[in-house]
Amino acid sequence: MTHLKSACELGLRPSAHILALKKPNSNWSEWDHKFAVAFSRLNSEMCDKCGNAIWLCRNPDSAIRFEVDTYVCYADKELSKRRKERQKKKKDLKDGEYEFVRAVPDSGVSELPTRDDYYDYIANQAKA
Ligand SMILES: [Zn+2]
């Protein structure tokens, strides 16, 4: 999905972008157009409130049920903590200064976990 999105945003032939083919700007096939139309339709039918497909989230059919879940963004949590500390000290950022957060290995760890590590963790959580 992300490859299709980036292909469409960059105006590249979706099949060439997804499959890493040469000449991504060459003539679009029928399938490239179908991919682009499908992506466009998917985007236009995604709810801007909840991110679900509108044919589900705006459908009054009682056969549809929604579950609410939560997640934690630890980077945002750390940034929020820093902002609260700064507010307590009444210390604003300097003019033109921006705050950002990045992931770094914790002390005693040499590398950050990989994407695969994260998805393995999620898969194991789902099994538990
Ligand atoms: Zn919605």
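A short reminder: the numbers here are calculations on the coordinates, not readings from a lab. A quick note: this is a predicted structure, and the numbers were derived from the prediction, not measured.
Here are a few things to note about the model shown:
- Taking the chain and dividing mean pair separation by its residue count, relative contact order in percent (alpha carbons under 8 Å, at least six apart): 11
- Rg followed by Dmax, in Å, when the chain is reduced to its Cα trace: 21.6, 61
- The stretch 2-45 - convex hull of alpha carbons, volume per residue in Å³: 56
- Qualifying lysines (Cα of each under 26 Å from Cα of LYS91; at least 8 residues distant if same chain): LYS77, LYS81
- In the chain, helices alone account for a calculated mean residue ellipticity at 222 nm of -14000 deg cm²/dmol, with every DSSP H run of four or more residues adding -39,500 (n - 2.57).
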